[in-house]
Amino acid sequence: MKTVLLAGGTGGAKLAAGFQAVIGEELSVIANTGDDIEIMGVHISPDPDLITWWLSGEIDEMRGWGIRDDSFRVFERMARFGAPDWMSLSDLDLAACLYRKEFMAEGGRQTVAQEQIARGVGAVARVLPMSDDPVRTRVMTGGDWKGLQEFLIIEGGLPEVEAVEMQGLAEASPTPEVIEAIDLADLIVIGPSNPVISIGPILAIEGIREAIANSGAPVIAVSPYVGGRTVKGPTDNLMRAVGRSTDTRGVISLYAGLLDAIVCDRGDPDPPKEEVRCFATPTLMQSADGREAVARAVIKVADTLSEG
């Protein structure tokens, strides 16, 4: 089953690992690049790299980001020289960022750079940046616009968000690889990543939402709410900023016109009953078995939909 997964942060990355364990190279992950930032002379692409480390098995699961057992010696030395010290990069993480920066400086596409990185660390599934054109998400807090990484890292995602904006959308287009993956998909999954800043930028790229809607494949979302709460991050803060309820119903409203079904956590205290078909299963992915179980549950829902 050729499957396309839209993903951003940890939830989507974990589900990508689960799907790869089940279907291997049949998986293509469309990754958010709205979090990207150029700093310290490198191009950091947090979501595509996070997904890649989960797929390669190198992820530091305890920390939730970066590469297991890696050191920060280069970053620490750069900070001593006066480089910004808030955006921590481990040594092997920095190697990917350096490679990407040089590859693109020589005229290469970000998509190809990410393919090279994923291949180099042994990921089986494809990781496809949503666009080769720069899109940068920023948020307004306290009346001032801030880059997304500054908001998430320096401020911990805590200040109330007044608005969300994605710069560069007018000039951005999906890559041929993204459109081809959607067109060939037997199943399209919207992962349990932040609906506003992880999935939102992907769907905002002109042509992607339309391609999904016209694909003919079942479209199934996995809610990021577990037991009625988010596992981590400022999801509720951002959902309120865009005028949505902080629950699975709010998630569904952001994906209006796309979904055939949504997979909700079995512990959801108030699962939606009318907006779209909801299938309940445990969705907390704390282990490899748990990640694979959620992937299999989504595939089972797709089979159920095909049976009518």
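For region 167-191, a tally of residues being within 23 Å of Ser223 (Cα to Cα) and either among the charged types (D, E, K, R) or surrounded by fewer than 18 Cβ atoms within 10 Å (Cβ to Cβ) (or both) returns 1.
Rundown of residues vs (1) crowded, with 17+ Cβ neighbours inside 10 Å; (2) among the charged types (D, E, K, R); (3) farther than 19 Å from Gly8 by Cα, yes/no style:
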| position | (1), (2), (3) |
| --- | --- |
| Pro218 | yes, no, yes |
| Tyr225 | yes, no, no |
| Lys232 | no, yes, no |
| Arg244 | yes, yes, yes |
| Gly250 | yes, no, no |
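This table checks each residue for (1) outside any helix (DSSP H, G or I); (2) under 28 Å from Ser173 (Cβ atoms).
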{"position": "Glu25", "(1), (2)": "no, yes"}
{"position": "Ser28", "(1), (2)": "yes, yes"}
{"position": "Asp47", "(1), (2)": "no, yes"}
{"position": "Leu55", "(1), (2)": "no, yes"}
{"position": "Asp69", "(1), (2)": "yes, no"}
{"position": "Asp85", "(1), (2)": "yes, no"}
{"position": "Lys101", "(1), (2)": "no, yes"}
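The listed residues are Ile67, Ile39, Ile59, and the only one of them that is of a type outside the set (Asp, Glu) and over 20 Å from the mean Cα position of the chain (by Cα) turns out to be Ile39. Can you say whether Ala293 is among the hydrophobic types (A, V, I, L, M, F, W, C) and at pLDDT 95 or above, as far as the supplied structure shows? So Ala293 fits the description; yes. Given Ser198, Ser193, which one is within 24 Å of Ile44 (Cβ to Cβ), part of a loop (DSSP other than H, G, I, E, B) and within 16 Å of the chain's Cα centre (by Cα)? Answer to the selection: Ser193. Within region 71-83, the residues that satisfy the criterion of being of a type outside the set (A, V, I, L, M) and either within 18 Å of Ile153 (Cβ to Cβ) or not in a loop (DSSP other than H, G, I, E, B) (or both) are Phe72, Arg73, Phe75, Glu76, Arg77, Arg80, Phe81.
Under the condition of being outside any strand (DSSP E or B), closer than 14 Å to Asn237 by Cβ and not aromatic (Phe, Trp, Tyr), the residues counted in region 136-155 number 4.
The values are calculated or read from the model by the stated rules, or taken from the named source; none is laboratory data. Model, not experiment: these values are computed from the prediction. All Cβ positions, glycine included, derive from the backbone under ideal geometry; neighbour counts span all protein chains shown.
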